[in-house]
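Worksheet: one structure, shown below.
The values are calculated or read from the model by the stated rules, or taken from the named source; none is laboratory data. What you see is a predicted model, and the numbers here were worked out from it, not measured in a lab. Here the Cβ positions follow ideal geometry from the backbone for every residue, glycine too, while neighbour counts run over all protein chains shown.
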Amino acid sequence: MSATRTIDWNEEGRRIGVTLDAFHAIVVVGTDPTAAAETALGIARVQAVHRRVAVGDLLGEAPPIQALVSGDDPHGIVDSFVYGVSLSKIAQQVPDAGELFVMPTGIGPVDYEELFGSNRWRRLIAGFREVGALLVLVAPTDAPMVHALVDVSDGAVIVGEKVPAEVSVAQSLAWVRPRRGAVAPAASDASAGPVPDATPTSGAAVPSGASGPQRWIGGVLALLVLLALVYWGASAYSQRRAVQQAVADSAARVAANRVRVTDSIARLRRDSIVRDSLALLEGAVTDSFPVYRPANPIDSAAAVGYSILLSKYNTKSGAILDLFGRFARLPASTYGMETPSRFYLLLAGAFPSRASAESLLVRLRVQGTLARDFGSVDRYPLAFLVDSGVAPREALGRLNRYHARGLPVYGLRQPNGTLRLYFGAYANPEQASLAVPQVRDAGMRPLLVYRIGRVF
(Lines give C-alpha, C1' and ligand atoms only; values in the text may rest on other atoms or scores of the structure.)
Protein backbone atom coordinates (compact mmCIF):
# COMPACT_ATOMS: atom_id res chain seq x y z
CA MET A 1 0.00 0.00 0.00
CA SER A 2 1.11 3.62 -0.59
CA ALA A 3 1.85 5.90 2.33
CA THR A 4 1.30 9.67 2.26
CA ARG A 5 4.53 11.45 3.05
CA THR A 6 4.52 14.43 5.39
CA ILE A 7 4.71 17.79 3.60
CA ASP A 8 5.95 21.21 4.72
CA TRP A 9 3.09 23.40 3.49
CA ASN A 10 4.89 26.61 4.40
CA GLU A 11 7.91 25.61 2.33
CA GLU A 12 5.68 24.64 -0.60
CA GLY A 13 4.15 28.10 -0.38
CA ARG A 14 7.59 29.69 -0.48
CA ARG A 15 8.48 27.72 -3.62
CA ILE A 16 5.32 29.00 -5.29
CA GLY A 17 5.79 32.52 -3.97
CA VAL A 18 8.96 33.22 -5.95
CA THR A 19 6.97 32.81 -9.18
CA LEU A 20 4.18 35.30 -8.35
CA ASP A 21 5.86 38.69 -8.79
CA ALA A 22 3.53 39.62 -11.65
CA PHE A 23 0.32 38.94 -9.70
CA HIS A 24 -1.63 41.22 -7.35
CA ALA A 25 -4.53 39.06 -6.11
CA ILE A 26 -4.61 35.27 -5.66
CA VAL A 27 -6.98 32.88 -3.92
CA VAL A 28 -5.53 29.91 -2.00
CA VAL A 29 -8.20 27.20 -1.70
CA GLY A 30 -8.07 23.97 0.28
CA THR A 31 -10.10 21.45 2.25
CA ASP A 32 -7.63 21.45 5.16
CA PRO A 33 -7.66 24.93 6.79
CA THR A 34 -4.21 24.51 8.34
CA ALA A 35 -2.57 23.36 5.10
CA ALA A 36 -4.21 26.13 3.07
CA ALA A 37 -3.31 28.82 5.60
CA GLU A 38 0.33 27.70 5.92
CA THR A 39 0.71 27.59 2.13
CA ALA A 40 -0.72 31.11 1.86
CA LEU A 41 1.64 32.40 4.57
CA GLY A 42 4.60 30.80 2.80
CA ILE A 43 3.68 32.66 -0.40
CA ALA A 44 3.16 35.89 1.50
CA ARG A 45 6.45 35.78 3.42
CA VAL A 46 8.46 35.49 0.20
CA GLN A 47 6.59 38.34 -1.49
CA ALA A 48 6.61 40.58 1.62
CA VAL A 49 10.38 40.94 1.29
CA HIS A 50 9.95 43.43 -1.54
CA ARG A 51 6.32 44.66 -1.50
CA ARG A 52 3.25 45.00 0.71
CA VAL A 53 1.26 41.77 1.13
CA ALA A 54 -2.05 41.24 2.93
CA VAL A 55 -3.31 37.75 3.81
CA GLY A 56 -7.08 37.58 4.27
CA ASP A 57 -8.48 34.69 6.32
CA LEU A 58 -11.79 33.56 4.78
CA LEU A 59 -11.54 30.10 6.36
CA GLY A 60 -12.92 31.11 9.74
CA GLU A 61 -10.01 31.77 12.12
CA ALA A 62 -7.49 29.35 10.64
CA PRO A 63 -4.95 28.58 13.42
CA PRO A 64 -1.75 29.55 11.49
CA ILE A 65 -3.19 32.98 10.64
CA GLN A 66 -4.93 33.47 13.98
CA ALA A 67 -1.59 32.89 15.71
CA LEU A 68 -0.29 36.08 14.05
CA VAL A 69 -3.26 38.21 15.15
CA SER A 70 -2.56 40.36 18.19
CA GLY A 71 -4.91 42.34 20.41
CA ASP A 72 -8.53 41.82 21.39
CA ASP A 73 -10.26 43.47 18.42
CA PRO A 74 -12.53 40.76 16.95
CA HIS A 75 -13.31 42.59 13.70
CA GLY A 76 -12.19 41.19 10.36
CA ILE A 77 -12.95 40.94 6.65
CA VAL A 78 -16.58 39.96 7.19
CA ASP A 79 -17.15 43.10 9.28
CA SER A 80 -15.54 45.22 6.58
CA PHE A 81 -17.86 43.90 3.88
CA VAL A 82 -21.03 43.76 5.99
CA TYR A 83 -20.65 46.76 8.32
CA GLY A 84 -18.11 48.92 6.49
CA VAL A 85 -15.24 48.59 8.98
CA SER A 86 -12.10 50.01 7.36
CA LEU A 87 -9.60 47.41 6.14
CA SER A 88 -6.79 49.58 7.48
CA LYS A 89 -8.21 49.02 10.98
CA ILE A 90 -8.42 45.24 10.73
CA ALA A 91 -5.09 44.64 8.95
CA GLN A 92 -2.32 43.84 11.42
CA GLN A 93 1.36 43.94 10.49
CA VAL A 94 3.34 40.82 11.34
CA PRO A 95 6.56 41.64 13.25
CA ASP A 96 9.88 40.79 11.59
CA ALA A 97 8.17 39.73 8.35
CA GLY A 98 8.81 42.65 6.01
CA GLU A 99 5.58 44.24 4.77
CA LEU A 100 3.34 41.30 5.69
CA PHE A 101 -0.13 42.03 7.06
CA VAL A 102 -2.86 39.61 8.14
CA MET A 103 -6.62 40.17 8.21
CA PRO A 104 -8.72 37.84 10.40
CA THR A 105 -12.14 36.52 9.40
CA GLY A 106 -14.20 38.62 11.79
CA ILE A 107 -17.34 38.21 13.87
CA GLY A 108 -20.12 35.72 13.20
CA PRO A 109 -20.68 32.98 10.65
CA VAL A 110 -19.53 33.64 7.10
CA ASP A 111 -22.21 33.90 4.41
CA TYR A 112 -19.91 32.80 1.59
CA GLU A 113 -22.50 33.21 -1.15
CA GLU A 114 -23.06 36.86 -0.30
CA LEU A 115 -19.43 37.59 0.61
CA PHE A 116 -17.80 36.06 -2.48
CA GLY A 117 -20.43 37.52 -4.79
CA SER A 118 -19.80 41.09 -3.61
CA ASN A 119 -18.76 43.69 -6.21
CA ARG A 120 -16.39 45.22 -3.66
CA TRP A 121 -13.77 42.58 -4.45
CA ARG A 122 -13.14 44.16 -7.87
CA ARG A 123 -12.52 47.57 -6.34
CA LEU A 124 -10.37 46.14 -3.56
CA ILE A 125 -8.22 44.12 -5.96
CA ALA A 126 -7.92 47.11 -8.30
CA GLY A 127 -6.51 49.09 -5.38
CA PHE A 128 -3.86 46.45 -4.69
CA ARG A 129 -2.97 46.32 -8.38
CA GLU A 130 -2.70 50.08 -8.57
CA VAL A 131 -0.07 50.31 -5.82
CA GLY A 132 1.78 47.13 -6.79
CA ALA A 133 0.80 45.19 -3.65
CA LEU A 134 -0.41 41.58 -3.31
CA LEU A 135 -3.67 40.33 -1.78
CA VAL A 136 -3.67 36.66 -0.74
CA LEU A 137 -7.13 35.33 0.16
CA VAL A 138 -7.50 31.90 1.79
CA ALA A 139 -10.86 30.19 1.28
CA PRO A 140 -12.44 26.73 1.61
CA THR A 141 -12.57 24.64 -1.56
CA ASP A 142 -16.24 23.76 -1.00
CA ALA A 143 -17.46 27.27 -0.17
CA PRO A 144 -20.40 28.47 -2.30
CA MET A 145 -19.44 31.02 -4.97
CA VAL A 146 -15.70 30.54 -4.43
CA HIS A 147 -15.38 30.46 -8.22
CA ALA A 148 -16.71 34.05 -8.32
CA LEU A 149 -13.86 35.14 -6.06
CA VAL A 150 -11.33 33.34 -8.26
CA ASP A 151 -12.85 34.96 -11.37
CA VAL A 152 -12.08 38.50 -10.17
CA SER A 153 -8.56 37.57 -8.99
CA ASP A 154 -5.44 36.65 -10.95
CA GLY A 155 -5.95 32.94 -10.26
CA ALA A 156 -6.05 30.18 -7.66
CA VAL A 157 -3.50 28.09 -5.79
CA ILE A 158 -5.08 24.71 -5.03
CA VAL A 159 -4.00 22.93 -1.83
CA GLY A 160 -4.98 19.29 -1.47
CA GLU A 161 -6.63 16.73 -3.69
CA LYS A 162 -9.89 18.54 -4.47
CA VAL A 163 -10.44 21.22 -7.12
CA PRO A 164 -13.22 23.79 -6.55
CA ALA A 165 -16.28 23.37 -8.72
CA GLU A 166 -16.50 25.71 -11.73
CA VAL A 167 -12.83 26.72 -11.45
CA SER A 168 -11.13 25.98 -14.76
CA VAL A 169 -7.63 24.59 -15.20
CA ALA A 170 -6.58 27.86 -16.84
CA GLN A 171 -7.26 29.69 -13.56
CA SER A 172 -4.94 27.44 -11.54
CA LEU A 173 -1.57 29.05 -10.80
CA ALA A 174 -0.26 26.05 -8.83
CA TRP A 175 -1.48 22.81 -7.27
CA VAL A 176 0.07 21.51 -4.06
CA ARG A 177 -0.76 17.92 -3.13
CA PRO A 178 0.76 15.37 -0.74
CA ARG A 179 3.42 13.37 -2.51
CA ARG A 180 2.81 9.64 -2.53
CA GLY A 181 5.49 7.09 -1.56
CA ALA A 182 6.58 4.40 -4.01
CA VAL A 183 4.68 1.10 -3.89
CA ALA A 184 6.86 -1.69 -2.50
CA PRO A 185 7.19 -4.73 -4.81
CA ALA A 186 4.90 -7.62 -3.81
CA ALA A 187 6.46 -10.69 -2.24
CA SER A 188 4.83 -12.86 -4.89
CA ASP A 189 3.64 -11.76 -8.33
CA ALA A 190 1.62 -13.62 -10.91
CA SER A 191 4.03 -12.37 -13.56
CA ALA A 192 6.95 -14.04 -11.77
CA GLY A 193 6.00 -17.36 -13.33
CA PRO A 194 4.41 -20.60 -12.10
CA VAL A 195 4.84 -21.66 -8.51
CA PRO A 196 7.46 -24.41 -8.24
CA ASP A 197 5.05 -26.81 -6.45
CA ALA A 198 3.92 -27.95 -9.91
CA THR A 199 7.29 -29.55 -10.62
CA PRO A 200 6.52 -33.01 -9.04
CA THR A 201 4.31 -33.71 -12.06
CA SER A 202 7.48 -34.34 -14.00
CA GLY A 203 8.39 -37.15 -11.60
CA ALA A 204 4.89 -38.58 -11.86
CA ALA A 205 5.48 -39.29 -15.53
CA VAL A 206 7.97 -42.02 -14.59
CA PRO A 207 6.27 -45.39 -14.11
CA SER A 208 6.38 -46.67 -10.56
CA GLY A 209 7.83 -49.87 -11.75
CA ALA A 210 10.67 -48.21 -13.73
CA SER A 211 14.19 -49.24 -13.14
CA GLY A 212 16.73 -47.12 -11.19
CA PRO A 213 18.31 -45.45 -14.29
CA GLN A 214 14.89 -44.35 -15.56
CA ARG A 215 13.99 -42.79 -12.21
CA TRP A 216 17.36 -41.07 -12.16
CA ILE A 217 16.81 -39.60 -15.65
CA GLY A 218 13.33 -38.44 -14.61
CA GLY A 219 14.77 -36.72 -11.54
CA VAL A 220 17.38 -34.93 -13.64
CA LEU A 221 14.70 -33.70 -16.06
CA ALA A 222 12.57 -32.45 -13.16
CA LEU A 223 15.57 -30.60 -11.70
CA LEU A 224 16.33 -28.98 -15.07
CA VAL A 225 12.72 -27.82 -15.41
CA LEU A 226 12.84 -26.39 -11.88
CA LEU A 227 16.10 -24.52 -12.58
CA ALA A 228 14.67 -23.10 -15.81
CA LEU A 229 11.59 -21.82 -13.99
CA VAL A 230 13.68 -20.27 -11.23
CA TYR A 231 15.98 -18.56 -13.78
CA TRP A 232 13.04 -17.23 -15.77
CA GLY A 233 11.32 -15.87 -12.67
CA ALA A 234 14.51 -14.22 -11.40
CA SER A 235 15.14 -12.64 -14.80
CA ALA A 236 11.61 -11.19 -14.98
CA TYR A 237 11.91 -9.82 -11.45
CA SER A 238 15.30 -8.23 -12.26
CA GLN A 239 13.88 -6.57 -15.37
CA ARG A 240 10.92 -5.21 -13.41
CA ARG A 241 13.22 -3.82 -10.72
CA ALA A 242 15.43 -2.23 -13.39
CA VAL A 243 12.43 -0.46 -14.93
CA GLN A 244 11.28 0.75 -11.49
CA GLN A 245 14.76 2.03 -10.71
CA ALA A 246 14.99 3.84 -14.05
CA VAL A 247 11.65 5.54 -13.45
CA ALA A 248 12.71 6.53 -9.93
CA ASP A 249 16.05 7.91 -11.20
CA SER A 250 14.27 9.92 -13.90
CA ALA A 251 11.83 11.38 -11.37
CA ALA A 252 14.72 12.23 -9.06
CA ARG A 253 16.56 14.03 -11.88
CA VAL A 254 13.44 16.06 -12.74
CA ALA A 255 12.92 16.96 -9.08
CA ALA A 256 16.58 17.94 -8.72
CA ASN A 257 16.36 20.17 -11.79
CA ARG A 258 13.25 21.85 -10.38
CA VAL A 259 15.01 22.45 -7.07
CA ARG A 260 18.02 23.94 -8.91
CA VAL A 261 15.75 26.27 -10.90
CA THR A 262 13.88 27.31 -7.73
CA ASP A 263 17.14 27.86 -5.87
CA SER A 264 18.48 29.93 -8.78
CA ILE A 265 15.36 32.11 -8.72
CA ALA A 266 15.70 32.52 -4.96
CA ARG A 267 19.38 33.49 -5.32
CA LEU A 268 18.51 36.02 -8.01
CA ARG A 269 15.80 37.42 -5.73
CA ARG A 270 18.23 37.74 -2.83
CA ASP A 271 20.89 39.34 -5.05
CA SER A 272 18.33 41.78 -6.42
CA ILE A 273 17.19 42.73 -2.91
CA VAL A 274 20.79 43.30 -1.84
CA ARG A 275 21.47 45.48 -4.90
CA ASP A 276 18.31 47.52 -4.33
CA SER A 277 19.17 47.99 -0.65
CA LEU A 278 22.68 49.19 -1.51
CA ALA A 279 21.30 51.54 -4.14
CA LEU A 280 18.87 52.97 -1.58
CA LEU A 281 21.69 53.54 0.92
CA GLU A 282 23.72 55.33 -1.76
CA GLY A 283 20.78 57.59 -2.61
CA ALA A 284 20.14 56.05 -6.00
CA VAL A 285 16.70 56.12 -7.60
CA THR A 286 14.96 52.84 -6.80
CA ASP A 287 11.98 53.21 -9.15
CA SER A 288 12.24 51.06 -12.25
CA PHE A 289 10.03 53.29 -14.44
CA PRO A 290 11.82 54.95 -17.38
CA VAL A 291 12.89 58.54 -16.78
CA TYR A 292 12.05 60.64 -19.83
CA ARG A 293 13.71 63.91 -20.74
CA PRO A 294 11.55 66.81 -21.95
CA ALA A 295 10.97 66.68 -25.70
CA ASN A 296 10.95 70.50 -26.02
CA PRO A 297 13.92 71.81 -23.99
CA ILE A 298 13.86 75.02 -26.04
CA ASP A 299 10.57 75.94 -24.30
CA SER A 300 11.96 75.65 -20.77
CA ALA A 301 12.32 79.43 -20.35
CA ALA A 302 8.71 80.03 -21.43
CA ALA A 303 7.24 77.22 -19.33
CA VAL A 304 4.25 78.05 -17.15
CA GLY A 305 5.69 76.23 -14.18
CA TYR A 306 4.07 77.81 -11.13
CA SER A 307 1.07 76.02 -9.61
CA ILE A 308 -0.77 75.89 -6.29
CA LEU A 309 -0.37 72.75 -4.21
CA LEU A 310 -3.88 72.30 -2.83
CA SER A 311 -3.46 69.06 -0.87
CA LYS A 312 -1.70 65.68 -0.68
CA TYR A 313 -3.31 62.23 -0.79
CA ASN A 314 -2.01 58.74 -0.18
CA THR A 315 -4.49 57.22 -2.67
CA LYS A 316 -5.37 58.16 -6.23
CA SER A 317 -9.07 57.72 -5.53
CA GLY A 318 -8.90 60.42 -2.85
CA ALA A 319 -7.15 62.82 -5.21
CA ILE A 320 -9.66 62.16 -8.00
CA LEU A 321 -12.60 62.65 -5.64
CA ASP A 322 -11.50 66.19 -4.75
CA LEU A 323 -10.13 66.99 -8.22
CA PHE A 324 -13.54 66.51 -9.85
CA GLY A 325 -15.47 67.52 -6.72
CA ARG A 326 -14.74 70.61 -4.67
CA PHE A 327 -11.83 71.75 -6.89
CA ALA A 328 -13.49 71.00 -10.24
CA ARG A 329 -13.90 74.68 -11.23
CA LEU A 330 -10.28 75.68 -10.63
CA PRO A 331 -8.17 76.48 -13.72
CA ALA A 332 -5.76 73.81 -14.98
CA SER A 333 -6.51 71.55 -12.03
CA THR A 334 -4.70 68.22 -12.11
CA TYR A 335 -2.54 66.00 -9.92
CA GLY A 336 1.11 65.00 -9.84
CA MET A 337 3.19 62.62 -7.73
CA GLU A 338 5.71 63.23 -4.98
CA THR A 339 9.03 61.38 -4.66
CA PRO A 340 9.90 59.27 -2.79
CA SER A 341 6.61 59.07 -0.84
CA ARG A 342 4.48 58.60 -4.00
CA PHE A 343 1.77 60.79 -2.52
CA TYR A 344 -0.64 62.31 -5.02
CA LEU A 345 -0.31 66.11 -5.23
CA LEU A 346 -3.49 67.99 -6.12
CA LEU A 347 -2.50 71.09 -8.13
CA ALA A 348 -4.23 74.05 -9.74
CA GLY A 349 -3.13 76.79 -12.12
CA ALA A 350 -0.26 77.13 -14.57
CA PHE A 351 1.47 80.50 -14.43
CA PRO A 352 4.77 81.92 -15.72
CA SER A 353 5.44 83.79 -12.45
CA ARG A 354 5.16 83.03 -8.76
CA ALA A 355 3.25 86.28 -8.18
CA SER A 356 0.41 85.19 -10.47
CA ALA A 357 0.07 81.86 -8.67
CA GLU A 358 0.15 83.50 -5.23
CA SER A 359 -2.58 85.91 -6.34
CA LEU A 360 -4.86 82.95 -7.12
CA LEU A 361 -3.93 81.32 -3.81
CA VAL A 362 -4.99 84.43 -1.86
CA ARG A 363 -8.29 84.54 -3.75
CA LEU A 364 -9.02 80.88 -2.95
CA ARG A 365 -8.42 81.52 0.76
CA VAL A 366 -10.65 84.57 0.77
CA GLN A 367 -13.44 82.66 -1.01
CA GLY A 368 -13.14 79.82 1.49
CA THR A 369 -12.15 77.26 -1.14
CA LEU A 370 -8.99 76.74 0.90
CA ALA A 371 -8.70 77.19 4.64
CA ARG A 372 -6.41 79.88 5.99
CA ASP A 373 -2.71 78.92 5.79
CA PHE A 374 -3.58 75.98 3.53
CA GLY A 375 -1.98 75.68 0.09
CA SER A 376 1.43 76.69 -1.23
CA VAL A 377 3.06 77.73 -4.51
CA ASP A 378 5.86 75.83 -6.20
CA ARG A 379 7.24 75.01 -9.65
CA TYR A 380 5.81 72.13 -11.66
CA PRO A 381 6.93 72.94 -15.23
CA LEU A 382 6.57 69.45 -16.76
CA ALA A 383 3.58 67.46 -17.99
CA PHE A 384 2.72 64.74 -20.49
CA LEU A 385 1.39 66.10 -23.78
CA VAL A 386 -1.93 64.47 -24.69
CA ASP A 387 -2.83 66.45 -27.82
CA SER A 388 -2.17 69.77 -29.56
CA GLY A 389 -3.99 71.98 -32.03
CA VAL A 390 -7.37 71.33 -30.40
CA ALA A 391 -10.07 73.80 -31.47
CA PRO A 392 -11.70 75.69 -28.56
CA ARG A 393 -15.19 74.48 -29.55
CA GLU A 394 -14.02 70.86 -29.20
CA ALA A 395 -11.94 71.27 -26.07
CA LEU A 396 -14.68 71.22 -23.43
CA GLY A 397 -16.29 68.03 -24.76
CA ARG A 398 -12.95 66.24 -24.95
CA LEU A 399 -11.97 67.31 -21.44
CA ASN A 400 -15.30 66.09 -20.07
CA ARG A 401 -14.71 62.68 -21.63
CA TYR A 402 -11.26 62.46 -20.06
CA HIS A 403 -12.64 63.54 -16.68
CA ALA A 404 -15.37 60.89 -16.87
CA ARG A 405 -12.55 58.33 -17.01
CA GLY A 406 -10.90 59.88 -13.94
CA LEU A 407 -7.95 61.26 -15.94
CA PRO A 408 -6.30 64.53 -14.78
CA VAL A 409 -6.25 66.13 -18.24
CA TYR A 410 -6.52 69.92 -18.67
CA GLY A 411 -6.00 72.46 -21.43
CA LEU A 412 -3.75 75.50 -21.92
CA ARG A 413 -4.52 78.03 -24.65
CA GLN A 414 -1.75 78.69 -27.18
CA PRO A 415 -0.92 82.02 -28.91
CA ASN A 416 -2.69 80.86 -32.11
CA GLY A 417 -5.96 80.26 -30.23
CA THR A 418 -5.84 76.45 -30.19
CA LEU A 419 -5.32 74.39 -27.07
CA ARG A 420 -2.80 71.86 -25.91
CA LEU A 421 -4.08 69.14 -23.61
CA TYR A 422 -1.80 67.98 -20.79
CA PHE A 423 -1.78 65.11 -18.29
CA GLY A 424 -0.48 65.91 -14.78
CA ALA A 425 2.15 68.38 -13.60
CA TYR A 426 5.59 67.51 -12.21
CA ALA A 427 8.58 69.25 -10.67
CA ASN A 428 11.18 67.09 -12.43
CA PRO A 429 11.50 64.06 -14.76
CA GLU A 430 11.89 61.69 -11.79
CA GLN A 431 8.48 62.68 -10.45
CA ALA A 432 6.98 62.30 -13.92
CA SER A 433 8.41 58.79 -14.26
CA LEU A 434 6.11 57.58 -11.47
CA ALA A 435 3.09 58.47 -13.62
CA VAL A 436 4.28 56.65 -16.76
CA PRO A 437 2.24 53.47 -16.01
CA GLN A 438 -0.92 55.57 -15.53
CA VAL A 439 -0.35 57.39 -18.82
CA ARG A 440 0.12 54.11 -20.66
CA ASP A 441 -2.91 52.53 -19.00
CA ALA A 442 -4.95 55.46 -20.30
CA GLY A 443 -3.89 54.55 -23.85
CA MET A 444 -1.58 57.55 -24.23
CA ARG A 445 2.03 57.84 -25.32
CA PRO A 446 4.18 59.22 -22.47
CA LEU A 447 5.61 62.35 -24.17
CA LEU A 448 7.11 64.56 -21.46
CA VAL A 449 7.21 68.29 -22.28
CA TYR A 450 7.49 71.72 -20.70
CA ARG A 451 4.04 73.25 -20.22
CA ILE A 452 3.40 76.34 -22.33
CA GLY A 453 0.29 78.48 -22.81
CA ARG A 454 -2.17 80.12 -20.44
CA VAL A 455 -5.02 78.78 -18.35
CA PHE A 456 -8.20 77.92 -20.22
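Structure notes:
- Ser153, sole failed condition from (1) among the polar types (S, T, N, Q); (2) farther than 16 Å from Leu58 by Cα; (3) touching a residue at least 60 places away in the same chain (Cβ under 8 Å): (2)
- Contact map, the range 57-68: residues that are over 9 Å from Thr105 (Cβ atoms) paired with residues that are buried (at least 24 other Cβ atoms within 10 Å of the Cβ), Cβ distance under 7 Å, separation 6+ or inter-chain. Pairs shown: Pro64/Ala37; Pro64/Glu38; Pro64/Leu41; Leu68/Val102.
- Look at the range 19-35: where a residue is more than 17 Å from Gln171 (Cα to Cα) and at pLDDT 90 or above and a partner is of a type outside the set (Phe, Trp, Tyr) and assigned to a strand (DSSP E or B), sitting 6+ places away or on another chain with Cβ atoms under 6 Å, you get Ala35/Val159.
- Glu358 vs. criteria in the same structural domain as Glu338 (by TED's automatic domain parsing), surrounded by 15 or more Cβ atoms within 10 Å (Cβ to Cβ), without any contact (Cβ under 8 Å) to a residue 24 or more places away in the chain and of a type outside the set (Gly, Ala, Ser): yes
- Subset of the range 55-70 (residues that are surrounded by 23 or more Cβ atoms within 10 Å (Cβ to Cβ) and within 15 Å of Gly98 (Cβ to Cβ)): Val55
- Per-region count, the range 147-176, residues buried (at least 22 other Cβ atoms within 10 Å of the Cβ) and closer than 21 Å to Pro64 by Cα: 4
- Subset of the range 339-367 [closer than 21 Å to Gly318 by Cβ and small (Gly, Ala, Ser)]: Ser341, Ala348, Gly349
- Count of the range 81-118 residues which are at pLDDT 80 or above and of a type in the set (Ser, Thr, Tyr): 3
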